[in-house]
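Here is the structure we will look at.
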Amino acid sequence: MTVDDSNQRVLAERRGSVGLLTINRPAARNAISRAVTIEMASAIEEFEADGRVRVMVVTGAGDKAFCAGADLKSMKDGRPIVPELGGLAGFTSRTFGKPVIAAVNGFALGGGTEICLACDLVVADERASFGLPEVRRGIVAAAGGVEKLSRRIPPAVALEMILTGEPITAQRAFDLGLVNRVTPNGGALGGALELADLICKGAPLAVRYSKAVARLSSSIGETDALKEFDSLRREVFRSQDAAEGPRAFAEKRQPNWTGQ
């Protein structure tokens, strides 16, 4: 996928039940500028509010880079890259209600890896790489890299990546649990959309509840997470979809989810 329109730094497209977000700066290896963050935050808010969108997928334009991280050149004017709109690229400090999948085509460095860490699932093509090279630029991975990486992969490996700035391959990231699926070159977006379609087979409320509890359990523990989302759990079991699922199973047909 090669797209380049200087007037659109972020492309937002709905494909059925999937909201596709594309960082559209291939000439700059999809580096994140202030403008990208503002446009991405706006697109995310629209997709979160759109009941037709069940899953979001984020990728980068072109075939070389998912995202090269923060645009260091744009920092020269002293303006912050990260306005208070969900962190870097509108992603890294945001809590998403809907599942988000990163489709990593090429390298994801610095902020690119941090965007992946903010996503729920990651699909990467076999030439992809991940890394936090900030220490080699005199800065730190302040958009979630330092805090989140050790929760996704073994802490000792995470610390090595953080302190050395050395990247890892897609296969290594898969082996460590950072990446869910590795595809042939050029197949990351297709793989991510396929995974999104699988998620969309589930009932919307059930998916939302399951994701929320799973995410929270990793930080505050299972018991507290279940207490926190008890009202949502009851909402799921009282929903029309909770009746539709068993009914469709008994009638040997696909369920017709309404999200109600």
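Each value in this text was obtained by applying a stated rule to the coordinates, not by laboratory testing. Nothing here was measured: the structure is a model prediction, and the numbers come from that model. Glycine gets a Cβ as well: all are built from the backbone with ideal geometry, and neighbour counts include every protein chain shown.
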Label-to-label distance, nm, for residues given as Thr164 and Arg238 (7 Å Cα→Cβ offset): 5.4
Comparing Pro167, Pro155, Pro26, which has the greatest mean-square fluctuation in the GNM of the chain with Cα pairs linked when under 10 Å apart? Pro155
Quickly work out the Asn7-to-Ser150 label distance, labels modelled 7 Å from Cα along the C-beta direction, and quote it in nm with one decimal. 4.8
Name the residue, out of Gly86, Gly165, Gly16, whose mean-square fluctuation peaks in a Gaussian network model built on the chain with Cα pairs under 10 Å. Gly16
Give me the percent of DSSP beta bridges within the chain that run antiparallel, rounded to the nearest 5. 25
Less than 11 Å Cβ to Cβ from Glu235, Lys/Arg counted +1 and Asp/Glu -1: what total charge do the surrounding residues give? +2
Under the √(5λ) rule applied to the eigenvalues of the Cα gyration tensor, what semi-axes describe the equivalent ellipsoid of segment 97-139? Give them in Å, descending. 21, 14, 5
GNM of the chain, Cα pairs under 10 angstrom: of Cys200, Cys116, Cys67, the biggest fluctuation goes to Cys200
Quick check on the exposure proxy: order Phe96, Phe237 from fewest to most C-beta atoms within 10 angstrom. Phe237, Phe96
Contact order normalised by residue count of the chain, Cα under 8 Å, 6+ apart, percent: 15
Helix by helix, which DSSP H runs in the chain go 15 Å or more along their axis at the Cα atoms and have an average Kyte-Doolittle hydropathy of 1.0 or more? 188-199
